[in-house]
Each structure stands twice: as C-alpha cells, then as structure tokens.
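Beneath this line is the structure, given in structure tokens, with notes to follow.
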Amino acid sequence: MGFAEEALSTRMISCGVVLLDPDGRVLLAHATETSHWDIPKGAGEEGEAPHVTALREMVEETGIAVEADRLTDLGLFVYRRDKDLHLFAARARADELDLTRCTCTSMFPRRSDGTMIPEMDAFRWARPEEVEHYASRSLTRLFETTLSLTELHRSLDGSGGR
C-alpha cells in the first residue's frame, strides 16, 4: 500500500443520499439530542458497496426506501479532517414527500442514562439557502463550496428527474 492509499485508509468514509424534492429542497434529519440536522448517512459494514450503505442508512434513518437505479453517484468529498463522504443524489417521488411518515429505526444509547433512543428524531425539507441555519458547519460548507444544491437540482432535472 502506497503512502497516499495509507493516508486515505485512516479516514472514515460515510455514505449518504442527498434527496431533493421537486422544488430543489434537500431532506435533512435532526440528530437526536443535538442542535444540528444532517443528510441521512453513515459508515459501511464490512464488504458493503458505498451505494448499498447509502441506501441502508436512508432506510434506517428515515424509513424512505430509494431504489438503487434512482441514484446518481456524486463521488467522494472531503468533509472533515477525519471523514470523507461518498454521496449519491436522488429525486424524491410524490409518495416520499410527506415527512410525517418518516421514522428512524437506528438506535443508540443516550449518554446520560443509556436509554436507547433513535439516531434521528425529526425531518424537514430545506431550501439551499436555509441549510446553514440547520446543518453542521461541515455540511453547510460542502453545499456552499463544493456541491451546489442548486446545480444538483438542475442536473437531476436534466437527467429526467428519475
């Protein structure tokens, strides 16, 4: 393994789906007991392909099951000092727009007492200019500098909006 490969292997890779509604708003999920919202994403399991991880995380964190053929592979993005994101995009279908139907089945122990609580506890559609009011600095920076939600919205329309 070369130096560059070794450096990459020490970085965690999180895989996620940037789900846009027909108006170009992005799906954000609220991370339980924190102040920030995030896209559905997470780490892969042993031998799991990035798109499979992204789709599994989407189901676990939102209850929305997106078919693999609806994904557009956006590639790998530098996210934080210790983490990169492998992102995929999809356009939400009419039956996926009602976020009151979302449910998170991914659980973790609450720090204070160990009670198992959902990883995500609320869901919202956010316009590109609203993301900074909800998301972490890292996610906001990614959408403002590297991955324009407005451009992504246009490109998904250009591909037929699958």
In the range 103-162, which residue that is aromatic (Phe, Trp, Tyr) and at pLDDT 95 or above is nearest to SER14 (Cα to Cα)? PHE143
Looking at the range 44-66, I want the residues that are closer than 14 Å to LEU85 by Cα and have a partner that is among the basic types (Lys, Arg) and not in a loop (DSSP other than H, G, I, E, B) with Cβ atoms under 6 Å, at least 6 apart or on another chain. Which pairs are those? GLU57/LYS41
When restricted to PHE123, PHE143, PHE108, the only residue touching a Leu at 6+ places or on another chain (Cβ under 9 Å) and either assigned to a strand (DSSP E or B) or at positive phi (or both) is PHE123
For THR62, state whether it is surrounded by fewer than 16 Cβ atoms within 10 Å (Cβ to Cβ), within 16 Å of the chain's Cα centre (by Cα) and at negative phi. no
Residues that are assigned to a loop (DSSP other than H, G, I, E, B) and of a type outside the set (D, E, K, R), drawn from the range 42-81: GLY44, GLY47, ALA49, GLY63, ILE64, ALA65, VAL66, LEU71
Cβ pairs under 6 Å, 6+ apart, first in the range 72-93 and under 14 Å from ALA49 (Cα atoms) and touching a residue at least 12 places away in the same chain (Cβ under 8 Å), second hydroxyl-bearing (Ser, Thr, Tyr) and part of a strand (DSSP E or B): LEU85/SER14; LEU85/TYR79
Select, from LEU85, LEU97, the only residue that is under 23 Å from THR32 (Cα atoms) and buried (at least 18 other Cβ atoms within 10 Å of the Cβ). LEU85
From the list THR72, THR53, THR105, which one is buried (at least 19 other Cβ atoms within 10 Å of the Cβ) and of a type in the set (Val, Ile, Thr)? THR53
Test HIS86 against the criterion of being farther than 17 Å from PHE123 by Cα, of a type outside the set (Ser, Thr, Tyr), modelled with pLDDT of 95 or more and part of a helix (DSSP H, G or I), and give yes or no. no
Residue by residue through the range 12-52, note down the ones that are among the β-branched types (Val, Ile, Thr) and under 11 Å from the mean Cα position of the chain (by Cα). VAL17, VAL18, VAL26, ILE39
Hey, among THR115, THR140, which residue is polar (S, T, N, Q) and surrounded by 13 or more Cβ atoms within 10 Å (Cβ to Cβ)? THR140
Here is a list: ALA122, ALA135, ALA49, ALA65. Which entry is among the small types (Gly, Ala, Ser) and either within 20 Å of LEU156 (Cα to Cα) or in contact with a Gly (Cβ under 6 Å, 6 or more places away or on another chain) (or both)? ALA65
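The values are calculated or read from the model by the stated rules, or taken from the named source; none is laboratory data. Please read all numbers here as calculations on a predicted model, not as lab measurements. Cβ atoms come from the backbone with ideal geometry, glycine included; neighbour counts cover every protein chain shown.
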